[in-house]
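Trainee: After the structure tokens below, expect a handful of questions from me.
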Amino acid sequence: MTSSSLAKPIPRVSLNWLLIAQALVIVPFALHVPVALIVLWLVCSFWRIQIFRMRVRMPGTWIKSGLLVGTAGGIYLARGSLIGLDAGAALLIAAFILKMLEMQNRRDALVLIFLGFFCIAVGYLFEDSLLWGLFTLLPITTLLAALIGLQQSGISSKPAATLRLSAKLLLQAVPLMILLFLFFPRLDPLWSLPQPSNKALTGLSDSMAPGDIAELSKSAELVFRASFDGPLPPRNQLYWRALTLEQFDGRRWSQSSRAQVPDAPLWRREGERVSYSVVLEPTGKPWLMTLDVGQTDLAGVRQMSDFRWQRRRPIEQSMLYNAESWPDAVRETVLSDGARLQALQLPAKGNPQVREWAADLHRRHPGTDDVVDALLSYFTSQPFRYTLKPPTLSANSIDDFLFGSRAGFCAHYAGAMTFALRAAGVPARVVAGYQGGELNPDGNYLTVRQFDAHAWVEYWQPNVGWRSVDPTAAVAPARVEQGLEQALAADEEFLGDSPMSALRYRHLAWVNSIRMGWDNLNYGWQRWVLGYQGQQQLQVLGRWFSGFQAPVFAGGAAVILGLLALWLFKPWRRESDSQLRLFNHFERLLARQGLKRQPGEGAQAFAQRAAEQLPAHAGAIRDFVGEFEAQRYAGADGSVGALRQRLKSLRRSLPWRLSAVRGKRP
Amino acid sequence: MIERFKPVWQRWVGRRIPPASRVELDHRRIFILPTRVGGTYALILFLLLLVSINYQNSLAYGLTFLMLSVGVLAILHTYRNISGLVLSGGHARSVFVGEPVQLRLRLESTGHGHQAIALGWDSEQLEQTDVEAERLVEVGLTLPALKRGWMRAPRLRVESVFPLGIFRAWSWLDLEQTVLIYPQPLAGTMPLLQGVQPHAEDDGHATTGPGVDDYQGLRLWQPGDSMRRMHWKAWSRGQGLMVKEFSDLSGHDLCLDFMALGGDIEERLSRLCYWVLELSQRQQPFALRLPGFISAVDSGDAHREACLRELALYGVRA
């Protein structure tokens, strides 16, 4: 387009596609930008349509500046800042909306189209699910259609034709895109940028009151998915550690200040190795889930003093990592004094009954393991009940729980047992994480959801180190063996607050298979598309094309482009053109005889002249031209072969060169 | 700088795309380069890539690569849109200096359709047209006629940015279109040949100007007679359509002479041109004499064209 054509007004088709594309880009943003922006968009679109219908005039400079300042101010008020990803995205969307209003010529339309593409990319930072990815194909197609609609062509005035062409272009671009996606080296971030803030994320936090995990168990939200390289370990060994809670204030268990110090503890690998990969959803928290004690090769992640793995920044986007675990590892056989004091910490007062009872246990059982066994047998022998709705406890909550209500959730059991162990002089702490998970047989992976949240106990003995014990398993073995749903009593409804959740209809085979299939698809999407970064890419490329990445990429690109070019140009389908080619050949033949067709001279007139100049070949010349005209202009059905035959006989009859006759040129 | 390389460029184009009256656009003749919009597109791609890298977002990578692939494909599509188009120049009518030359161009599709084809002499003023599949389209372009003689149309620019406007495929074609430009007619006294008319002395002064015509009488109107010579008075009297008949006063023929005029060559030719047109319109036979050329005394369109041609080419073909 020349600069003059850029200043021309926007064609109707392009404007229509732009309005539609804008709707498609903005509507999914509705959750992420201030509501007022959506109102602004509706007003501006309506205004724009009225301008196009000549009902109102373009906004003047004052109105435009007023809108700009007003919008920026509004975003500042709503987001508290104009910096940061949220405010940035809102500003971008606002620019996208306001540009539509002030758009006058094709150059403005181009700016709008490019802004639209950019908005889609920014939208990916907020949402990256499979459905969203598929949905964005719609605005991409319409934006491209709007771009085509800006051209001055007959096609550009037909809405369907522009959309078809744009869809065709996109489809043809897909193979090359996949190739680039596979091979383009993923660089580390060049500089750090504000990350999307995930508000209102549910999940484990760094402190736990007994009710918190019961609250989590109402949510079927996905936490992570894990695939194992080898066979799946038995379900009762699937303890996914997130963090430990070592500080008790009489009501809440929380993370100790010691745990913030990066100080990898000593541990020794022992027994079977389990290796697996995890796709973790955004948690808003820095810790990763590993199967008990393990290690990961992920960059920027450290092991902390309580064996948890922690990243520097919170996890705001889903991430994939590989990890290895040794369930029988020997952990920290020597405990520092500080750690030991922390693991024995108890509030100064409160719960006197338990303290007394524990002291008695300690007197009766000299070995640490015996104390633990005694505690567990207390849980099994007494009428303890596993429930999501325990009765309210008094200030001495653990006394109340152990000797009164005897009804509670994993957090109650873990907290009570840790308290009792500490009171008996055994260093102990609460471990928070997830237990179990749902096996998807199609993809052979585990899906762990918020309702799998769990708390258990870790206690320490000299020379043996830390060992895990789960009091909940003693009370409700079904929770560990099968899962939450099976562990709950019949009168307690599983996921009672979300009646629409497909998880509630697991007993219906077809619902379940659809759910599993969909989940499997999403997992594949996360693992192979979203997680296709750095490490994962190197692995895949190394496995498939080890050492030949560059030639495979170059060859692949060449083959794709070659095939596309073949498909576009269809060189085998030049039949209609061959009449003309034969005629050109005929012209060249006669030119050798000094006869040149004049500009504007028709085939018939030329043949007449040629026949006069070359009377010996007049028959052959008239034959050829007659057939040519009949086929080309009179629409006669004749094969190109017949025409070629005539040309051949003319060529044979002509002498190689006839110097005598020379055509006169003006 | 650019000006210095222009002749080099033109020579190179001349070698690469030799003149031909009928040209099919193919890979030898088509050039393709990104437009300024294409530059913006590349910038947007770069920004998208930065977003993808910094946020390590696979979907943003996907969008970047999708748009990059669309951009690469646009090369193929833009090229395909213009390739296979057959252009030929039609016959152009001669005009006088100062008038616009109307050049007809035929655009022919031999296979698929061609969208938004722009034609023109320079990249700023282009005519847009579409050529549907296996159809023929005629486009008229104008050129100012600046000089008499044979005018060769400059190289024609054919271009298209369809479908995305980010690449421009173009070609410079010489379709060998030539037009004869006649001198600009300039009114003035009739430049008659002195001394050749046999009875010049007898008639003395009478040999100048249109007053020489002698009224002979009336005859019945025939188709083809000039309206100017209608005898309207006789018609109003009800005597039917009569035409006034004149005969040359001297009884000899007019001869427009180059030497009878003063001034520079172009001005003389312009005056002669005016009188050739004027006398032809009056259907008066005349001869034209130029140095090295003398025409027969004649009238009619063919004679007029021949005289105009001589005037146009005087001194040009020598």
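Trainee: Out of all the residues in the stretch B:109-163, which are more than 16 Å from the chain's Cα centre (by Cα), more than 10 Å from chain A (Cβ to nearest Cβ) and not in a strand (DSSP E or B)?
Mentor: B:135
Trainee: Just to be sure before I move on: is residue B:28 basic (Lys, Arg) and not in a helix (DSSP H, G or I) in the structure I sent? Outline the logic, then answer.
Mentor: Working: basic (Lys, Arg): yes; not in a helix (DSSP H, G or I): yes.
Criteria met by residue B:28.
Trainee: Only one of these is under 17 Å from residue A:30 (Cα atoms), away from chain B (no Cβ under 11 Å) and either over 23 Å from the mean Cα position of the chain (by Cα) or surrounded by fewer than 18 Cβ atoms within 10 Å (Cβ to Cβ) (or both): A:82, A:77, A:98, A:67. Name it. Reasoning before the result, please.
Mentor: Details: A:82 fails: under 17 Å from residue A:30 (Cα atoms); A:77 fails: under 17 Å from residue A:30 (Cα atoms); A:67 fails: under 17 Å from residue A:30 (Cα atoms).
Sole residue among the options that is under 17 Å from residue A:30 (Cα atoms), away from chain B (no Cβ under 11 Å) and either over 23 Å from the mean Cα position of the chain (by Cα) or surrounded by fewer than 18 Cβ atoms within 10 Å (Cβ to Cβ) (or both): A:98.
Trainee: For the stretch A:208-288, list the strands (runs of 3 or more DSSP E) that sit wholly inside it and hold at least 3 residues that are surrounded by fewer than 18 Cβ atoms within 10 Å (Cβ to Cβ), at positive phi and assigned by TED's automatic domain parsing to the domain that holds residue A:300; which are they?
Mentor: none
Trainee: Let me ask something else. Can you go through B:59, B:50, B:63, B:73 and tell me which one is of a type in the set (A, V, I, L, M, F, W, C), under 30 Å from residue A:185 (Cα atoms) and at pLDDT 95 or above?
Mentor: Working: B:59 fails: at pLDDT 95 or above; B:50 fails: at pLDDT 95 or above; B:73 fails: at pLDDT 95 or above.
The match here is B:63.
Trainee: Given A:140, A:120, which one is touching a Pro at 6+ places or on another chain (Cβ under 7 Å), at pLDDT 90 or above and either within 11 Å of chain B (Cβ to nearest Cβ) or not in a helix (DSSP H, G or I) (or both)?
Mentor: A:120
Trainee: If you don't mind, there's one more thing I want to ask. May I ask you to verify whether residue A:148 is buried (at least 22 other Cβ atoms within 10 Å of the Cβ), more than 9 Å from every other protein chain (Cβ to nearest Cβ) and assigned to a helix (DSSP H, G or I)?
Mentor: Answer is no for this residue.
Trainee: May I pose another question? Please go through (1) surrounded by fewer than 20 Cβ atoms within 10 Å (Cβ to Cβ); (2) within 14 Å of another protein chain (Cβ to nearest Cβ) for residue A:54 and return the number of the only condition it doesn't satisfy.
Mentor: Condition (2) is where residue A:54 drops out.
Yes or no, residue by residue, for (1) assigned by TED's automatic domain parsing to the domain that holds residue A:227; (2) over 28 Å from residue B:76 (Cβ atoms):
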residue	(1), (2)
A:503	yes, yes
A:517	no, yes
A:528	no, yes
A:542	no, yes
A:563	no, no
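Trainee: Only one of these is within 28 Å of residue A:568 (Cβ to Cβ) and exposed (fewer than 15 other Cβ atoms within 10 Å of the Cβ): A:165, A:134, A:110, A:143. Name it.
Mentor: After ruling out the rest, the residue left standing is A:134.
Trainee: A further question on this structure: Tell me the residue from A:582, A:614, A:568, A:595 that is within 11 Å of chain B (Cβ to nearest Cβ) and either touching a residue at least 60 places away in the same chain (Cβ under 8 Å) or not hydroxyl-bearing (Ser, Thr, Tyr) (or both), please.
Mentor: From the options A:582, A:614, A:568, A:595, the qualifying one is A:568.
Trainee: Return a yes/no flag: does the stretch A:547-564 have any residue that is modelled with pLDDT under 80, more than 9 Å from chain B (Cβ to nearest Cβ) and over 30 Å from residue B:91 (Cβ atoms). Don't jump to the end; show me each part of the working.
Mentor: Here is the first cut: in the stretch A:547-564, the ones modelled with pLDDT under 80 are A:547.
Keeping just the survivors that are more than 9 Å from chain B (Cβ to nearest Cβ) gives A:547.
Subsequent filtering for residues that are over 30 Å from residue B:91 (Cβ atoms) retains A:547.
Scanning the stretch A:547-564, I find at least one residue that is modelled with pLDDT under 80, more than 9 Å from chain B (Cβ to nearest Cβ) and over 30 Å from residue B:91 (Cβ atoms), so the answer is yes.
Trainee: Can you name the number of the only condition in (1) in contact (Cβ under 8 Å) with a residue 12 or more places away in the chain; (2) crowded, with 16+ Cβ neighbours inside 10 Å that residue A:365 fails?
Mentor: Going through (1) in contact (Cβ under 8 Å) with a residue 12 or more places away in the chain; (2) crowded, with 16+ Cβ neighbours inside 10 Å one by one, residue A:365 breaks only (1).
Trainee: Please state which one of A:538, A:484 is surrounded by 12 or more Cβ atoms within 10 Å (Cβ to Cβ), under 15 Å from residue A:451 (Cβ atoms), modelled with pLDDT of 75 or more and over 17 Å from the mean Cα position of the chain (by Cα).
Mentor: Only one candidate qualifies: A:484.
Trainee: Looking at the stretch B:31-60 only, could you name the residues that are among the aliphatic types (A, V, I, L, M), in contact with a strand residue (DSSP E or B) (Cβ under 8 Å, 6 or more places away or on another chain) and either within 21 Å of residue A:126 (Cβ to Cβ) or in a helix (DSSP H, G or I) (or both)?
Mentor: To start, the set of residues in the stretch B:31-60 that are among the aliphatic types (A, V, I, L, M) comprises B:32-33, B:37, B:42-45, B:47-51, B:53, B:59-60.
From what's left, in contact with a strand residue (DSSP E or B) (Cβ under 8 Å, 6 or more places away or on another chain): B:32-33, B:42.
Passing the criteria: only B:42.
Trainee: Among A:609, A:597, which is the only one that is outside any helix (DSSP H, G or I) and among the charged types (D, E, K, R)?
Mentor: Going through A:609, A:597 in turn, just one is outside any helix (DSSP H, G or I) and among the charged types (D, E, K, R): A:597.
Trainee: Do you know which of the residues in the stretch B:164-191 that are more than 26 Å from the chain's Cα centre (by Cα) and farther than 30 Å from residue B:33 by Cβ is surrounded by the fewest Cβ atoms within 10 Å (Cβ to Cβ)?
Mentor: Ranking the qualifying residues of the stretch B:164-191, first place goes to B:189.
Trainee: How many residues are in a loop (DSSP other than H, G, I, E, B), closer than 16 Å to residue B:10 by Cα and not acidic (Asp, Glu) when one looks only at the stretch B:164-181?
Mentor: Within the stretch B:164-181, residues that are in a loop (DSSP other than H, G, I, E, B), closer than 16 Å to residue B:10 by Cα and not acidic (Asp, Glu) number 1.
Trainee: State yes or no: is residue B:127 more than 17 Å from residue B:17 (Cβ to Cβ) and in the same structural domain as residue B:96 (by TED's automatic domain parsing)?
Mentor: Considered against the rule, which asks whether it is more than 17 Å from residue B:17 (Cβ to Cβ) and in the same structural domain as residue B:96 (by TED's automatic domain parsing), residue B:127 comes out as yes.
Trainee: Could you list, in sequence order, all residues of the stretch A:547-566 that are of a type outside the set (A, V, I, L, M, F, W, C) and crowded, with 16+ Cβ neighbours inside 10 Å?
Mentor: A:549, A:556 - these are the residues of the stretch A:547-566 that are of a type outside the set (A, V, I, L, M, F, W, C) and crowded, with 16+ Cβ neighbours inside 10 Å.
Trainee: Based on this model, can you work out whether residue A:606 counts as modelled with pLDDT of 85 or more, surrounded by 15 or more Cβ atoms within 10 Å (Cβ to Cβ), within 13 Å of chain B (Cβ to nearest Cβ) and over 60 Å from the mean Cα position of the chain (by Cα)?
Mentor: Spelling it out, residue A:606 is indeed modelled with pLDDT of 85 or more, surrounded by 15 or more Cβ atoms within 10 Å (Cβ to Cβ), within 13 Å of chain B (Cβ to nearest Cβ) and over 60 Å from the mean Cα position of the chain (by Cα).
Trainee: Are any residues in the stretch B:72-108 part of a strand (DSSP E or B) and within 9 Å of chain A (Cβ to nearest Cβ), and if so, which ones? Reasoning before the result, please.
Mentor: Taking the stretch B:72-108 and keeping what is part of a strand (DSSP E or B), we get B:85-89, B:95-96, B:100-108.
B:86, B:88, B:89, B:104, B:108 - these are the residues of the stretch B:72-108 that are part of a strand (DSSP E or B) and within 9 Å of chain A (Cβ to nearest Cβ).
Trainee: Could you look through the stretch B:3-31, keep only residues that are surrounded by fewer than 18 Cβ atoms within 10 Å (Cβ to Cβ) and among the β-branched types (Val, Ile, Thr), and pick out the one that is farthest from the other protein chains (Cβ to nearest Cβ)?
Mentor: So, considering only residues that are surrounded by fewer than 18 Cβ atoms within 10 Å (Cβ to Cβ) and among the β-branched types (Val, Ile, Thr), the one farthest from the other protein chains (Cβ to nearest Cβ) is B:8.
The values are calculated or read from the model by the stated rules, or taken from the named source; none is laboratory data. Nothing here was measured: the structure is a model prediction, and the numbers come from that model. All Cβ positions, even for glycine, are placed from backbone atoms using ideal geometry, and neighbour counts span all protein chains on display.
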